[in-house]
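Reading through the structure tokens given below for one structure.
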Amino acid sequence: MCEPAREVGGDYYDFFPLDEQRLGILIADVSGKGTSAAFYMAELKGLMLSLTRIHRSPRQLLIEADRIISEHLDSRSFITLIYAVLDLSSRRLTYCRAGHTPLIYRSASAGGTRAQVLAPSGLVLGLKIDGGARFRQLLEESELALGAGDVLVLYTDGLSEAMNAASDCFGDARLSALVEEHGHLPFHELRERIVREIEAFTDGAPQHDDMTMILIRVEEATVAYERASGKMGHVIAS
């Protein structure tokens, strides 16, 4: 889902079929709002389409993306994002977080239904400092082994920083608790539950930032591979 705060926004999500077994997943947020933010996101989309064909490692891809983006962004702008590669055959998710909101992971394994807030190290893209040395130093590539029933939530700060009339933020903890309690629901019901809880929390307060979310649920292997034929990504992402 993606709900811009204005007619155009600076949030962006995408899926990149890399080969028969691997899917690239991206969620990103450019600083600011409106047409300038949307313009930079359009540039990012073109860049990602090119780089995903070259780099298998999320870390190496983001290092190159930072180098290129730093040459084009103005000094007041930056981009946060998570880029992940999902391998359907090994059921592993390899990902990097460049200054973005955390990733929420709920394991369905026995006794493992508690949601985890995952925030590996990483700096935002486009800061134009020290030739990207600090970006490379801080960027951490992480990996998750996934099982049937596991749920992943990627989101922008428009969700976690949704505010009520008292200027209180919804917060990562509330979002994580929702995923923990209701992660067993079908993904469309989980999505609606999250949206309704945020709407109830804000209680009519104006939306001040773009809100974007990706929910991923891992299905049983036999079901997933049957549906995946010719429909890469549809079976585990929505």
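The values are calculated or read from the model by the stated rules, or taken from the named source; none is laboratory data. If you're wondering where the values come from, they're calculated on a predicted model, not measured in any experiment. Cβ atoms come from the backbone with ideal geometry, glycine included; neighbour counts cover every protein chain shown.
For segment 140-169, filtering for residues that are out of contact with any Cys (no Cβ under 6 Å at 6 or more places or on another chain) and in a loop (DSSP other than H, G, I, E, B) leaves 13. Looking at LEU26, LEU61, LEU73, just one residue is closer than 21 Å to ALA133 by Cα, not in a loop (DSSP other than H, G, I, E, B) and not polar (S, T, N, Q), and that residue is LEU61. Taking segment 19-42 as the range and being crowded, with 16+ Cβ neighbours inside 10 Å and modelled with pLDDT of 80 or more as the test, the residues that pass are ARG22, LEU23, GLY24, ILE25, LEU26, ILE27, ALA28, ASP29, VAL30, SER31, TYR40, MET41.
Restricting attention to segment 63-111, the residues that are over 26 Å from LEU215 (Cβ atoms), in contact (Cβ under 8 Å) with a residue 60 or more places away in the chain and among the hydrophobic types (A, V, I, L, M, F, W, C) total 1. Search segment 129-159 for residues being within 14 Å of the chain's Cα centre (by Cα) and crowded, with 20+ Cβ neighbours inside 10 Å, and hand back the single one that is farthest from VAL30 (Cα to Cα). Checking each candidate, the answer is VAL151.
None of GLY126, GLY122 is buried (at least 20 other Cβ atoms within 10 Å of the Cβ), more than 28 Å from GLU219 (Cβ to Cβ) and under 15 Å from the mean Cα position of the chain (by Cα) except GLY122. Checked against the criteria, LEU144 does not count as more than 27 Å from GLU71 (Cα to Cα) and free of Cβ contacts under 8 Å to residues at least 40 places away in the same chain. Criterion first (within 20 Å of LEU26 (Cβ to Cβ), modelled with pLDDT under 95 and among the hydrophobic types (A, V, I, L, M, F, W, C)) does MET163 satisfy it? Answer is no for this residue.
Within segment 197-218, no residue that is farther than 13 Å from MET163 by Cβ and modelled with pLDDT of 90 or more sits with its Cβ atom under 9 Å from a residue that is in a strand (DSSP E or B) and of a type in the set (S, T, N, Q) at 6+ positions apart or across chains. Here the condition is being farther than 26 Å from SER176 by Cα, surrounded by fewer than 17 Cβ atoms within 10 Å (Cβ to Cβ) and at pLDDT 95 or above; of SER57, SER75, it holds for SER57 alone.
With the condition kept exactly as written, say whether any residue in segment 90-102 is surrounded by fewer than 17 Cβ atoms within 10 Å (Cβ to Cβ) and of a type in the set (Val, Ile, Thr). Looking for residues that are surrounded by fewer than 17 Cβ atoms within 10 Å (Cβ to Cβ) and of a type in the set (Val, Ile, Thr), one finds none in segment 90-102, hence no.
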